[in-house]
Amino acid sequence: MQNTISNHIPKQAKAQVVQLLEEDGLSVLVKKERKTRHGDYRKLPNGKHQITINSNLNSYRFLITLIHEIAHYEAYKTYGKFIKPHGKEWKYTFQHLMLPFLNPAIFPVTLLPLLAHHFKNPKASSDTDTALVYALKQYDSPNDKTLVFEVPLGSTFKLYNGRVFKKGGIRTKRYECVEVKSGKVYLFNPNAEVEIIASA
């Protein structure tokens, strides 16, 4: 297996991942954390296919992201380049590829029901699945980050880029938060990672 990913996925998943990557001839690069994505897939100018995945993901999220990106390639190979990136062809392919991994030898039993529910209709980003993201976060290395839905109403928090917001109420599925500097209202995904600013 490509040494770059062997230490990033659950041990019991390695043989299946090796098989998938060898069949497809995909190269995988592990990158530093990118705030806007967990991973991506693209066809290179030389005709080869490459997946990149963030190094900071825990092994379960890394595996889900890896299969997500492999599904992009498989859907492209099977259905052609004119399909929607996260359309029905990709969803079906992702479900099909992920199914063999959904067992207690690979994932903790506490995650399996949440994963089974998620893969009934996988979304473009698993970050939209609040329950799954929160459960996966329990396996992250300790850090000073909090999810927006955990921030007390009226408290202030900051993003990785230093922008400061005050948390407001929920609108449908997102939280209305006011940027302190501009007074503008922004909608936040409940699972966005932020840093709470302690009150003076």
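For region 23-40, indicate whether the set of residues that are among the basic types (Lys, Arg) and over 23 Å from Thr130 (Cβ atoms) is non-empty.
yes
What is the one condition in (1) surrounded by 14 or more Cβ atoms within 10 Å (Cβ to Cβ); (2) modelled with pLDDT of 95 or more; (3) under 27 Å from Arg34 (Cβ atoms); (4) outside the structural domain of His8 (by TED's automatic domain parsing) that Lys181 does not satisfy?
(1)
Looking at (1) part of a helix (DSSP H, G or I); (2) at pLDDT below 95; (3) hydrophobic (A, V, I, L, M, F, W, C), can you tell me which one Phe94 breaks?
Phe94 satisfies all of (1) part of a helix (DSSP H, G or I); (2) at pLDDT below 95; (3) hydrophobic (A, V, I, L, M, F, W, C) except (2).
Could you identify the single residue in Asn46, Asn58 that is within 16 Å of Pro10 (Cβ to Cβ) and either at pLDDT below 95 or among the polar types (S, T, N, Q) (or both)?
Asn58
Being within 17 Å of Asp40 (Cβ to Cβ) and assigned to a loop (DSSP other than H, G, I, E, B): is that true of Lys120 here?
For Lys120, the condition - within 17 Å of Asp40 (Cβ to Cβ) and assigned to a loop (DSSP other than H, G, I, E, B) - is not met.
Can you name the number of the only condition in (1) surrounded by 12 or more Cβ atoms within 10 Å (Cβ to Cβ); (2) of a type outside the set (Ser, Thr, Tyr); (3) part of a strand (DSSP E or B) that Gly169 fails?
The number of the failed condition is (1).
As an exercise: evaluate Leu99 against (1) surrounded by 13 or more Cβ atoms within 10 Å (Cβ to Cβ); (2) in a helix (DSSP H, G or I) and give the number of the one condition it does not meet.
Unmet for Leu99, out of (1) surrounded by 13 or more Cβ atoms within 10 Å (Cβ to Cβ); (2) in a helix (DSSP H, G or I): (1).
What tally of residues in region 87-107 results from selecting those that are touching a residue at least 24 places away in the same chain (Cβ under 8 Å) and under 18 Å from Phe62 (Cβ atoms)?
Total meeting the criteria: 8.
Pairs please, first residue from region 53-66 and in contact (Cβ under 8 Å) with a residue 24 or more places away in the chain, second anywhere and among the acidic types (Asp, Glu) and part of a helix (DSSP H, G or I), Cβ atoms under 9 Å, 6+ apart in sequence or on different chains.
Matching pairs, first to second residue: Ile53/Glu69.
Taking region 139-163 as the search range and keeping residues that are surrounded by 15 or more Cβ atoms within 10 Å (Cβ to Cβ) and part of a strand (DSSP E or B), which one is nearest to the chain's Cα centre (by Cα)?
Leu147
Might you check whether a residue that is assigned by TED's automatic domain parsing to the domain that holds Ile106 and in contact (Cβ under 8 Å) with a residue 40 or more places away in the chain occurs anywhere in region 40-52?
No; the residues of region 40-52 include none that is assigned by TED's automatic domain parsing to the domain that holds Ile106 and in contact (Cβ under 8 Å) with a residue 40 or more places away in the chain.
Where residues in region 120-135 are within 16 Å of His86 (Cβ to Cβ) and not acidic (Asp, Glu), which of them is surrounded by the most Cβ atoms within 10 Å (Cβ to Cβ)?
Among those residues, the one meeting the criterion is Pro122.
The values are calculated or read from the model by the stated rules, or taken from the named source; none is laboratory data. Note that the structure is a prediction, hence the values are computed from the model and not measured. Methodologically, a virtual Cβ is constructed for each residue, glycine included, from the backbone with ideal geometry; neighbour enumeration extends over all protein chains shown.
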